[in-house]
1. So Ala159 passes all but one of these: (1) outside any helix (DSSP H, G or I); (2) touching a residue at least 12 places away in the same chain (Cβ under 8 Å). Which condition number does it fail?
2. Test Ile274 against the criterion of being at pLDDT below 80, assigned to a helix (DSSP H, G or I) and buried (at least 17 other Cβ atoms within 10 Å of the Cβ), and give yes or no.
3. Search the stretch 188-210 for residues that are part of a loop (DSSP other than H, G, I, E, B) and pair each with any residue that is modelled with pLDDT of 75 or more and charged (D, E, K, R) when their beta-carbon atoms are under 6 Å apart and the residues are at least 6 apart or on different chains.
4. What is the residue count in the stretch 77-106 for residues that are among the β-branched types (Val, Ile, Thr) and either in contact (Cβ under 8 Å) with a residue 60 or more places away in the chain or more than 30 Å from Glu150 (Cα to Cα) (or both)?
5. Among the residues that make up the stretch 98-109, is at least one of them over 19 Å from the mean Cα position of the chain (by Cα), modelled with pLDDT under 95 and among the hydrophobic types (A, V, I, L, M, F, W, C)?
6. Out of everything in the stretch 216-270 that is surrounded by fewer than 17 Cβ atoms within 10 Å (Cβ to Cβ) and either touching an Asp or Glu at 6+ places or on another chain (Cβ under 7 Å) or outside the structural domain of Phe192 (by TED's automatic domain parsing) (or both), what residue ends up being nearest to Lys178 (Cα to Cα)?
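The values are calculated or read from the model by the stated rules, or taken from the named source; none is laboratory data. If you're wondering where the values come from, they're calculated on a predicted model, not measured in any experiment. Counting neighbours? That spans all protein chains shown, and the Cβs are built from the backbone with ideal geometry, glycine included.
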Amino acid sequence: MKTDELFYEFFELAPQALFELLGITPGCEYRFQSLVVKSAERRMDGLLEPLDPEQPRYFLEVQGYLDKSIYWRMVHQIGLFHARRPKLHGHPWQAIVLFLDETYDPGLETMGPLMHGHKHWLLHGYLPELLKRLKATSPILNVLRPLIAEQESVVRQQASGWVRAIRQSPDLDQAAQKRLVNLLVQFIVQKFSHLKSEEITKMLQLTPLRETVAVREWMHEGKVEMLAMLMEHKLSVAASKVMARLKALSETDLEALSAYLWKAENYQQVEAWIDGRLAVA
């Protein structure tokens, strides 16, 4: 899964996280959606649509590489968006470019000397700086922490705390907590793809845990989800395709599969391994 797709899912789940990053106090609640500008046949990373139509719309691009035309391209796409929606003419809007690294910003000078008035319509920021600037990070924004971790040791030390904060947040229901933890795992894999699945499992466990049926079920489900995502990342097989079969494996088999997964060269080998375990269950 590409990084921009992870951000799309993240902001779809938690649009308020973008406002917190940029220090914006919105006048209403927003919903996030991805847009395809049909005339350009290109998908914009997203639009934050206000539930109050009088509040501004925010167009978002998450930029993970150097593109010297990023500002012009965004202006072009926003123009096409409004050209197809004349009813929105005159309504307030603002563009946001979120760079994953400062080196990916080509500079506002790429748009020429008239950009001195850009602050009226353009916000741009660098994710590492924005996250470090926040003194009290919300549990939701902890999901992005792996992307700014310079060393793997930081993730090893803090990952379980990030998970714990997400699961203890009173503002998140169980489904939202589950999706955010899944995203956290994927961001860790994206940044530190060399980590073995058992290492990620260990660093994300919440301790101490009471040995109850509910806890054991939660741990089993978490391992299944993590293995499914790792298989998607390493072997290019859809996580949804393997979830049901992984759930049928025992705790011992999941541990064994976690080690075997990194030796397998393709999904067919893993599939045969699973078939063999289920046959003797």
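1. Of the numbered conditions (1) outside any helix (DSSP H, G or I); (2) touching a residue at least 12 places away in the same chain (Cβ under 8 Å), the odd one out for Ala159 is (1).
2. Numbers: at pLDDT below 80: no; assigned to a helix (DSSP H, G or I): yes; buried (at least 17 other Cβ atoms within 10 Å of the Cβ): yes.
Here the answer is no, as Ile274 does not meet what is asked.
3. The qualifying pairs are Phe192/Glu152; Leu206/Arg164.
4. Of the stretch 77-106, the ones among the β-branched types (Val, Ile, Thr) are 78, 96-97, 103.
Now drop any that are not either in contact (Cβ under 8 Å) with a residue 60 or more places away in the chain or more than 30 Å from Glu150 (Cα to Cα) (or both), which leaves 78, 96.
Of the residues in the stretch 77-106, 2 are among the β-branched types (Val, Ile, Thr) and either in contact (Cβ under 8 Å) with a residue 60 or more places away in the chain or more than 30 Å from Glu150 (Cα to Cα) (or both).
5. Checked the stretch 98-109: at least one residue is over 19 Å from the mean Cα position of the chain (by Cα), modelled with pLDDT under 95 and among the hydrophobic types (A, V, I, L, M, F, W, C).
6. The extreme case among them is His220.
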